[in-house]
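Novice: Submitted below is the structure of interest, expressed as structure tokens.
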4 protein chains.
Amino acid sequence: MAVLEAADDLLAERGFAGVTIEAIAARAQVAKQTIYRWWTSKTDILFEALAQDAAGYFTAPAGDDLGGDLRRHLRELAAFLSETDPGAVCRALAGQAQHDPEVAARFRSDFVTPQRERDRAPFVSAVSRGELPEGTDVDLAAEQLVGPVYYRVLVTGEPVPPEFTDALVDRYLAR
Amino acid sequence: MAVLEAADDLLAERGFAGVTIEAIAARAQVAKQTIYRWWTSKTDILFEALAQDAAGYFTAPAGDDLGGDLRRHLRELAAFLSETDPGAVCRALAGQAQHDPEVAARFRSDFVTPQRERDRAPFVSAVSRGELPEGTDVDLAAEQLVGPVYYRVLVTGEPVPPEFTDALVDRYLAR
Amino acid sequence: MAVLEAADDLLAERGFAGVTIEAIAARAQVAKQTIYRWWTSKTDILFEALAQDAAGYFTAPAGDDLGGDLRRHLRELAAFLSETDPGAVCRALAGQAQHDPEVAARFRSDFVTPQRERDRAPFVSAVSRGELPEGTDVDLAAEQLVGPVYYRVLVTGEPVPPEFTDALVDRYLAR
Amino acid sequence: MAVLEAADDLLAERGFAGVTIEAIAARAQVAKQTIYRWWTSKTDILFEALAQDAAGYFTAPAGDDLGGDLRRHLRELAAFLSETDPGAVCRALAGQAQHDPEVAARFRSDFVTPQRERDRAPFVSAVSRGELPEGTDVDLAAEQLVGPVYYRVLVTGEPVPPEFTDALVDRYLAR
DNA sequence: AAGTAATCGAGACGGTACGTCAAGTCTTCCT
DNA sequence: AGGAAGACTTGACGTACCGTCTCGATTACTT
């Protein structure tokens with residue numbers, strides 16, 4: 001859809017402030033009314049753009065080695081959030097979620113919840129094959145690993161290189 | 001300053017979208033021009049409000065026990081970010097930082113950098129008194145602990161109870 | 001158009017200083033943006049209001065008697081300028097023309113030039129039917145007669161009664 | 001006074017819209033408060049500037065020949081109004097007088113009335129020495145001659161060359 | 001000569017209006 | 001019927017001046 005592309009491009013070229021309904025309409029050669037017919041707001045458009053582009057960025061855990069799965073997953077997560085176009089959309093939506101509870105709700109249901117499932121997958125897999133004990137707090141483990149990545153992306157703005165994510169995994173496994 | 005209070009109140013009452021220069025001016029009984037004379041934007045006002053209100057929310061580490069220092073610090077951080085008024089300002093600015101590089105730069109210099117110093121303090125203290133070895137990667141350690149807190153606050157929106165922060169500390173110390 | 005009426009009314013009620021775009025918009029129950037879409041300035045609005053209202057204030061010369069034509073025309077001119085609503089608009093624009101060359105240019109093309117044609121008409125008619133000789137300087141004659149009327153209206157502010165205009169005509173014809 | 005000069009210069013350089021109290025203060029290196037201490041408005045300043053500069057522009061009638069007196073006076077009037085700096089101030093005030101009754105009143109008392117006395121002088125002189133009969137309507141005569149000059153200056157914007165003013169005098173004397 | 005008042009520059013203040021931008025709603029006209 | 005076009009009301013933007021108001025710092029006049 002031209003509208004989604006236009007929104008994406010505007011975000012990349014002019015930042016979030018440049019993503020206006022009018023600019024999207026002008027760039028997509030579409031009437032504003034058409035946009036309002038199909039989407040309720042510009043964040044709605046960005047959510048759809050994110051859904052369309054984010055699919056398939058993450059690979060399923062191989063499921064034979066927790067360390068390997070975690071290292072690969074965290075690297076992918078870091079790269080997705082800090083280097084890809086949908087990652088930029090995702091950051092913009094995370095930002096907007098701080099301002100608007102409705103955006104926050106949708107951000108959680110559309111992005112955070114499924115992403116968290118992917119974050120848990122390596123641990124779930126490890127438990128199921130006995131590499132981790134039955135009672136492991138998988139949620140806590142996932143948050144421990146993933147939290148510092150989001151912290152760098154959203155708070156400090158520092159790069160998130162593989163050395164950093166690998167170090168996180170190493171620390172976790174050394175427990 | 002009435003302007004800072006007005007901005008704070010508007011943020012609390014109407015959310016970030018309700019924080020407009022006109023609304024601030026009206027509520028603070030001040031002319032718009034006066035606001036523009038002293039601040040460059042509404043985020044500028046919020047930064048100043050944050051600076052004014054955030055002072056003194058954190059206590060210095062006692063410096064005799066790493067576990068205790070960390071537990072207390074993480075609890076304070078979680079409470080500050082998720083339950084206080086300046087915490088709300090902070091979250092709003094973190095959100096805006098995702099949309100605007102200048103806000104991001106100022107957010108880092110005004111909030112993140114000094115806050116990170118406070119986050120590191122327990123570890124630095126522990127190293128200096130020998131509770132942790134000389135070569136300890138203090139930055140990594142701090143990020144590991146505060147990362148999941150910010151993750152809950154900014155991404156998942158889940159509450160951040162003492163049990164959660166304590167568990168993070170326990171996991172760290174169990175290494 | 002409600003906008004033109006509003007502008008007219010404001011000029012009559014509050015004077016030229018009361019004719020602001022905001023006041024026009026408020027009184028016409030119209031958004032400022034709508035005004036800016038169709039007019040470039042408040043004088044632009046007044047010009048259009050003048051064009052709309054001024055039409056038909058002057059009767060064509062009967063064309064059988066120079067004295068009668070002149071007397072009637074000067075009385076009409078005096079009444080128009082000093083007693084009618086569009087006359088007030090006209091005076092305001094003449095005033096603004098002293099401050100702004102663009103307004104001056106438009107005032108001349110929109111009002112002065114066609115009005116001068118009407119001023120010349122009695123003389124042209126008199127020449128064509130032989131009441132005045134061929135070589136008569138019609139422009140000079142017209143300026144001689146209307147000049148004192150504008151002088152009273154714009155400079156001295158004295159009333160311009162029929163006795164005055166008739167005396168001007170008598171003097172002219174007595175040549 | 002630097003303020004009067006500044007107002008004059010601004011009128012010449014930027015037009016009436018450029019004559020603001022702030023601009024005058026800035027250019028005259030004077031505080032706004034100082035201006036408000038001595039003048040009530042920008043037109044007040046212009047009136048004083050006019051009074052200061054206009055003095056001595058007109059020569060008294062020689063008083064021996066009506067035709068010569070009138071020709072010289074009308075030429076001076078035309079030149080004053082259309083070519084001099086105080087003439088520009090005068091035109092600006094005449095314009096503002098169309099918008100503001102207080103300015104109009106002052107314009108009449110400060111400029112029009114004394115000027116009209118000068119306009120009448122040649123006729124008064126001619127009557128007193130018997131060149132014109134006792135009952136001559138001196139006011140009407142003055143308005144007849146002076147009116148077309150103001151008409152050109154304020155309404156049509158045409159130049160007012162000596163040929164034009166001389167022709168007016170010739171027509172008058174030919175009666 | 002010192003003390004005191006008037007005057008000055010500088011510029012902050014509460015306001016009004018400016019002209020612009022984008023929001024979201026609506027109507028019209030074309031395919 | 002759906003979409004492009006675009007007019008509409010609304011409301012916030014950031015700016016320019018308005019006229020009022022403190023501030024020190026000169027001045028210049030008293031005593």
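Novice: What number goes with the only condition from (1) away from DNA strand E (no atom under 15 Å from the Cβ); (2) at pLDDT below 95 that D:L81 does not pass?
Specialist: Failed condition: (2).
Novice: Can you tell me how many residues within the range A:8-27 are away from DNA strand E (no atom under 11 Å from the Cβ) and among the small types (G, A, S)?
Specialist: Residues in the range A:8-27 being away from DNA strand E (no atom under 11 Å from the Cβ) and among the small types (G, A, S): 2 in total.
Novice: Taking C:R120 as the residue in question, decide whether it is more than 7 Å from chain D (Cβ to nearest Cβ) and within 26 Å of D:A142 (Cβ to Cβ).
Specialist: It is true that C:R120 is more than 7 Å from chain D (Cβ to nearest Cβ) and within 26 Å of D:A142 (Cβ to Cβ).
Novice: Looking at A:A62, A:A49, which is the one that is of a type in the set (G, A, S), farther than 15 Å from A:E5 by Cα and without any contact (Cβ under 8 Å) to a residue 60 or more places away in the chain?
Specialist: Being of a type in the set (G, A, S), farther than 15 Å from A:E5 by Cα and without any contact (Cβ under 8 Å) to a residue 60 or more places away in the chain holds for just one of A:A62, A:A49, which is A:A62.
Novice: I've got another one for you. Residues being more than 14 Å from chain C (Cβ to nearest Cβ) and in a helix (DSSP H, G or I): count how many of those fall in the range D:124-149.
Specialist: Number of matching residues: 5.
Novice: Here's a follow-up. Does C:E5 satisfy the condition of being within 14 Å of another protein chain (Cβ to nearest Cβ) and either over 30 Å from C:A174 (Cβ atoms) or within 16 Å of DNA strand F (Cβ to nearest atom) (or both)?
Specialist: Considered against the rule, which asks whether it is within 14 Å of another protein chain (Cβ to nearest Cβ) and either over 30 Å from C:A174 (Cβ atoms) or within 16 Å of DNA strand F (Cβ to nearest atom) (or both), C:E5 comes out as no.
Novice: Given the conditions (1) surrounded by fewer than 17 Cβ atoms within 10 Å (Cβ to Cβ); (2) within 18 Å of D:F107 (Cα to Cα); (3) in contact (Cβ under 8 Å) with a residue 24 or more places away in the chain, report the number of the one that D:A2 does not fulfil.
Specialist: With respect to (1) surrounded by fewer than 17 Cβ atoms within 10 Å (Cβ to Cβ); (2) within 18 Å of D:F107 (Cα to Cα); (3) in contact (Cβ under 8 Å) with a residue 24 or more places away in the chain, D:A2 is out only on (2).
Novice: When only residues in the range C:11-22 that are surrounded by fewer than 17 Cβ atoms within 10 Å (Cβ to Cβ) and touching a Leu at 6+ places or on another chain (Cβ under 9 Å) count, which is modelled with the highest pLDDT?
Specialist: Of everything passing the filter in the range C:11-22, C:T20 is modelled with the highest pLDDT.
Novice: For the range A:93-110: of the residues being more than 9 Å from chain B (Cβ to nearest Cβ) and under 21 Å from A:Y57 (Cβ atoms), which is nearest to the chain's Cα centre (by Cα)?
Specialist: A:D110
Novice: May I pose another question? Considering each residue of the range C:28-45, count those that are touching an Asp or Glu at 6+ places or on another chain (Cβ under 9 Å) and more than 12 Å from DNA strand E (Cβ to nearest atom), and give that number.
Specialist: Result for the range C:28-45: 1.
Novice: Which members of the range B:88-111 meet the condition of being surrounded by fewer than 22 Cβ atoms within 10 Å (Cβ to Cβ) and without any contact (Cβ under 8 Å) to a residue 24 or more places away in the chain?
Specialist: B:H99, B:P101, B:E102, B:A104, B:A105, B:R108, B:S109
Novice: Still on this structure: Inspect all residues belonging to the range D:80-93 and state whether any of them is under 30 Å from C:A104 (Cβ atoms) and among the aromatic types (F, W, Y).
Specialist: Within the range D:80-93, one or more residues are under 30 Å from C:A104 (Cβ atoms) and among the aromatic types (F, W, Y).
Novice: Hey, another quick one. Examine the range B:64-87 for a residue that is of a type in the set (A, V, I, L, M, F, W, C), crowded, with 17+ Cβ neighbours inside 10 Å, within 14 Å of another protein chain (Cβ to nearest Cβ) and in contact with a Ser or Thr (Cβ under 7 Å, 6 or more places away or on another chain), and state whether such a residue exists.
Specialist: Looking for residues that are of a type in the set (A, V, I, L, M, F, W, C), crowded, with 17+ Cβ neighbours inside 10 Å, within 14 Å of another protein chain (Cβ to nearest Cβ) and in contact with a Ser or Thr (Cβ under 7 Å, 6 or more places away or on another chain), one finds at least one in the range B:64-87, hence yes.
Novice: Give the range D:150-169 a look and list any residue that's more than 10 Å from every other protein chain (Cβ to nearest Cβ), surrounded by fewer than 21 Cβ atoms within 10 Å (Cβ to Cβ) and in contact (Cβ under 8 Å) with a residue 40 or more places away in the chain, or say none.
Specialist: Matches in the range D:150-169: D:P159, D:P161, D:P162, D:D166.
Novice: If a residue must be crowded, with 16+ Cβ neighbours inside 10 Å and either in contact with a strand residue (DSSP E or B) (Cβ under 9 Å, 6 or more places away or on another chain) or of a type outside the set (A, V, I, L, M) (or both), how many such residues does the range C:45-56 contain?
Specialist: Residues that pass the stated criteria total 3.
The values are calculated or read from the model by the stated rules, or taken from the named source; none is laboratory data. Owing to the predicted nature of the structure, the values given are computational and were not obtained by experimental measurement. Don't worry about glycine lacking a Cβ; one is built from the backbone with ideal geometry, like all the others, and counts go over all protein chains shown.
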